[in-house]
Amino acid sequence: MKFKALLTDNGIIQLEKRFIPALDKMGKFCHIYLTPDHFFILHNLLSPSSPQSIAQFSALSLFDDYRISSQFDNVIAFSIDLFLLLRALRSSSSICITNPNPNPNRLQIKLVKKLPPNSTNPLPFLTFESKGYKSAVIQDIPISKPLSRSSLVELQDALNAANEIPKTLVQVPDLGQLQNYVDRLKNVGELLDVTIGKFGDLYLQVSTSLITVGAEFRRLTVLGERASRGVGEDRDLSAQTRARRAIERGEAESVEVSLKHFGKSLQYHLAKPDCTFYGVGMNGGCLTVIFQFFVPGSRQTDKSISLHCRLPVLDPGAS
């Protein structure tokens, strides 16, 4: 089982400045999943009751001289502490900055086994080797034992299931605007009702025995299945009534999620997505959040990067 690659300057920027700080907000530990063509960072895929996130990168978008081999179809997976990974990236990149050599591939990462102090059993590490002008640094990040073949199959099956796209997606407003709204709701309750309409409406509501607070976003961009609303239809109704009628007509789906989980999904603004879409998963089993990235300087989707998360619902199938 071998893995070695050179992290490019672009790879350092993507991981250190954008994605790992965002993913760290979802949870401290994750799985790194390596295939011959892709690099994945996965949260909680084997725990359906927890928020899940899937970040996928083309290997060529992050690395040069990307080499991987294993007995399990040349795939490798292990768990790692994201805080330690981010700290190693920052330290290594700061060393590389001091090197005047124009070669952009100065940071090497690889899987190794080493004998820790006062131990007789070698343990696996993800090692960073960086070279500066007058110094070089080697950093070893402890990782779990690489997953067995059966665990890899289980992880891949969970990944396939997590990649299901909702039938209807609505493009939500600015994540910062939603974050300000959610921050105010934290003082009201812990559960959030999310209703997504096929005509491009998004309803967010927190209810208690004493008060109901909500927000309505209308005429949003819709991808997938959509419905059209007649001119003036439902104009004079309250947001709650419009949402209820849409659900009754099969033109909207509603799920209840943890407000804390919903807030965590908004932290992905740190990854600087260009667009964000929300949708209800199959049979109301989750709330899916998909982040879209454009090729710099264009409106074309960057197919080398994908990021989405799935928030567990508190009462699946009730939509």
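Values quoted throughout were computed directly from the atomic coordinates according to the rules given, and no laboratory measurement underlies them. Worth saying up front: this structure is predicted, and the values here are computed from it rather than measured. As a convention, Cβ positions derive from the backbone with ideal geometry for all residues, glycine included, and neighbour counts pool all protein chains shown.
Between the range 5-44 and the range 250-267, what is the C-alpha centre distance in whole Å?
Using only Cα atoms, the two centres lie 25 Å from each other.
Treating only the Cβ atoms of Lys and Arg (+1) and Asp and Glu (-1) as charged, compute the dipole magnitude of the chain about its Cα centre; round to the nearest 20 debye.
My answer is approximately 840 debye.
Only sites in a loop by DSSP and with at most 16 other Cβ atoms within 10 Å count here; which GluC sites (Glu not before Pro) in the range 164-227 make the cut?
164, 190, 225
When only Cα pairs under 8 Å and 6 or more residues apart are kept, what is the percent relative contact order across the range 214-292?
Reported as a whole number, the value is 21 percent.
In the range 168-312, with Lys and Arg counted as +1 and Asp and Glu as -1 at Cβ, which of these residues, 278, 208, 304, has the Cα nearest the positive end of the dipole, that is, farthest along it?
304
Would you look at the GNM of the chain, springs on alpha carbons closer than 10 Å, and say which of 278, 66, 268 moves the most?
Of the options given, 66 has the highest mean-square fluctuation.
Lys/Arg Cβ at +1, Asp/Glu Cβ at -1, dipole of the chain taken about the Cα centre: which of 56, 171, 191 is farthest positive-ward?
56
Restricting things to alpha carbons, tell me how big the chain is in terms of Rg and Dmax, in Å.
22.2, 76
Using a Gaussian network model on the chain with a 10 Å cutoff between Cα atoms, which of 88, 246, 227 fluctuates the most?
Looking only at 88, 246, 227, the largest GNM fluctuation is found for 227.
Taking the Cα centre of the range 168-312 as origin, work out the dipole magnitude from +1 charges on Lys and Arg Cβ and -1 charges on Asp and Glu Cβ, in debye rounded to 20.
200 debye
Normalising by the residue count of the range 168-312, find the relative contact order in percent from Cα pairs under 8 Å and 6+ residues apart.
About 25 percent, as a whole number.
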